[in-house]
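Here's the structure we're looking at; comments come further down.
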Amino acid sequence: MKDKIVVVGGYGHVGTTICKQLGEQYPGRAYAAGRSAERAARFSRETGGKVKPLPLDIRNPTDSDVLNDAKLVIMCLDQTDTAFVRSCIRNGTHYIDVSANGAFLTQVERCGREAEAHDATAVLSIGLAPGLTNLLALEASKLLEQVYEIDITIMLGLGDRHGEAAIAWTVDNLNSRFEVIRNNRSVAVKSFTDGRVADFGADFGRKKAYRFPFSDQQTIARTLDVPTVSTRLCFDSGMVTGLAAGLRATGAFGFLNAGRVRQAVISGIGKLHFGDERFAVKVDARGNKGNKDAYVECFLRGIHQSDMTAKVAVSVADALCRTDFPHGVYHIEQLFELDDMRDWLTKEASVEIHLDGNLYSTI
């Protein structure tokens with residue numbers, strides 16, 4: 001009987017939160033998987049055995065035998081190819097991915113027919129961004145008859161706890177080039193350029209944010225049929241955001257290509273704790289409604305963005321374990337709505353939706 005829930009990277013920063021929550025909901029069925037048998041066993045003991053340890057190296061094909069009993073795999077690690085994902089699919093194992101790498105998620109999308117053939121469901125864009133940003137964009141698009149443009153802005157608190165993998169992904173993309181959709185055409189842009197000011201409301205005020213390669217902007221352009229989409233990033237400290245933009249402009253981020261320098265920067269940021277633990281997301285959608293121009297603003301505010309990612313993953317995992325979904329590969333906004341997250345989201349964050357400057361709804 002396939003009843004195991006395997007969390008790959010389950011003893012990492014986000015994975016531990018996912019495992020602990022699933023261990024409470026499905027005691028003895030949740031497995032913290034990773035290459036270190038010792039770390040997995042130690043974490044299992046910390047949970048009182050509610051989470052089981054599972055030594056697993058996703059690069060080793062023989063380890064895919066563990067999928068024979070797995071109903072669901074939750075992936076918390078970055079991957080460069082789809083070999084392990086396809087192993088899950090061929091075993092009829094459902095799959096959830098919390099990564100934000102648009103190029104990789106596009107590779108997984110191509111496995112859709114294979115997933116259908118093996119009765120597997122894969123759900124991508126799980127977390128805060130992508131994830132809740134996609135669902136906020138969906139809510140905005142539902143209020144408009146036609147959507148012209150969606151701008152997503154994410155503010156992260158420097159006082160929050162961030163896992164090493166998340167920090168490494170951010171550092172590695174400070175100097176990146178990536179594709180966005182502008183007027184239905186793919187256009188190359190650079191990270192931490194093209195700054196825009198977003199108004200996060202009374203609590204946080206106005207912040208200048210810069211382009212960053214979160215995958216939501218590529219995804220919702222297709223899934224929600226939006227001609228122009230962009231995602232920008234800033235920090236609660238305007239000084240730090242400005243410093244990053246300045247370094248990008250001077251080309252100084254090129255030094256991050258040096259391995260030792262990169263690792264030193266990642267370690268340094270991990271030890272850096274000043275500023276706020278709160279995060280905020282703003283989604284601005286422009287379009288028309290009733291033959292008139294219309295404007296939707298969605299606000300999401302909370303604390304501990306990595307915990308938010310974990311809670312989205314647990315919510316989707318619970319749904320996949322309890323309910324039958326269409327087989328294939330989907331992004332979160334193709335199977336879920338923001339209201340599906342209401343029960344836990346109301347306890348963890350505040351959500352406001354404004355239409356043409358007036359409060360429309362709250363969560």
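Considering each residue of the stretch 20-33 in turn, at least one proves to be farther than 12 Å from residue 53 by Cα, among the aromatic types (Phe, Trp, Tyr) and part of a loop (DSSP other than H, G, I, E, B).
Of 23, 15, all but one fail to be open to solvent by less than 30 Å² (accessible area, probe 1.4 Å) and under 22 Å from residue 78 (Cα atoms); the exception is 15.
Give the residue, chosen from 150, 74, 96, that is outside any helix (DSSP H, G or I) and within 26 Å of residue 355 (Cβ to Cβ).
Just a single option satisfies the conditions, and that option is 150.
I'd like to verify a number: residues in the stretch 198-222 that are assigned to a helix (DSSP H, G or I) and either among the polar types (S, T, N, Q) or under 16 Å from residue 241 (Cα atoms) (or both), how many?
Keep residues of the stretch 198-222 that are assigned to a helix (DSSP H, G or I), which gives 216-222.
Those left that are additionally either among the polar types (S, T, N, Q) or under 16 Å from residue 241 (Cα atoms) (or both): 217-219.
Qualifying residue count for the region: 3.
Restricted to the stretch 237-258, and to residues there that are open to solvent by 30 Å² or more (accessible area, probe 1.4 Å) and under 20 Å from residue 278 (Cα atoms), the residue that is modelled with the lowest pLDDT is 240.
A residue that is of a type in the set (S, T, N, Q) and either under 17 Å from residue 283 (Cβ atoms) or open to solvent by less than 40 Å² (accessible area, probe 1.4 Å) (or both) occurs nowhere in the stretch 193-209. Just for the stretch 295-306: of the residues that are part of a strand (DSSP E or B) and not small (Gly, Ala, Ser), which one is farthest from residue 89 (Cα to Cα)? Across the stretch 295-306, the extreme among qualifying residues is 295. Of 73, 85, 14, all but one fail to be modelled with pLDDT of 95 or more and either touching a Ser or Thr at 6+ places or on another chain (Cβ under 8 Å) or polar (S, T, N, Q) (or both); the exception is 73.
Checking each residue in the stretch 43-61 for being touching a strand residue (DSSP E or B) at 6+ places or on another chain (Cβ under 8 Å) and either assigned to a loop (DSSP other than H, G, I, E, B) or without any contact (Cβ under 8 Å) to a residue 12 or more places away in the chain (or both) picks out 50, 56, 58. Scanning the stretch 70-78 for residues that are open to solvent by 60 Å² or more (accessible area, probe 1.4 Å) and touching a residue at least 60 places away in the same chain (Cβ under 8 Å) turns up at least one hit. Select from the stretch 327-349 the residues that are farther than 18 Å from residue 217 by Cα and open to solvent by 50 Å² or more (accessible area, probe 1.4 Å) and list them in ascending order. Passing the criteria: 327, 339, 340, 342, 343, 346, 347, 348. When residue 295 is tested against (1) open to solvent by 50 Å² or more (accessible area, probe 1.4 Å); (2) modelled with pLDDT under 95; (3) over 24 Å from residue 175 (Cα atoms), exactly one condition is not met: (2).
Yes/no matrix, rows are residues, columns are (1) basic (Lys, Arg); (2) out of contact with any Ser or Thr (no Cβ under 9 Å at 6 or more places or on another chain); (3) farther than 18 Å from residue 134 by Cα; (4) not in a loop (DSSP other than H, G, I, E, B):
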site: 293; (1), (2), (3), (4): no, yes, yes, yes
site: 308; (1), (2), (3), (4): no, yes, no, yes
site: 311; (1), (2), (3), (4): yes, no, no, yes
site: 321; (1), (2), (3), (4): no, yes, yes, yes
site: 329; (1), (2), (3), (4): no, no, no, yes
site: 334; (1), (2), (3), (4): no, no, no, yes
site: 344; (1), (2), (3), (4): no, no, no, yes
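The listed residues are 293, 339, and the only one of them that is free of Cβ contacts under 8 Å to residues at least 60 places away in the same chain and within 20 Å of the chain's Cα centre (by Cα) turns out to be 339.
The values are calculated or read from the model by the stated rules, or taken from the named source; none is laboratory data. Since the model is a prediction, treat every value here as computed from it, not as a measurement. Positions of Cβ are backbone-derived with ideal geometry, glycine not excepted, and every protein chain shown enters the neighbour counts. Side chains included, ligands, DNA and RNA excluded: accessible areas come from the protein's heavy atoms. Shrake-Rupley method; radii C 1.70, N 1.55, O 1.52, S 1.80 Å.
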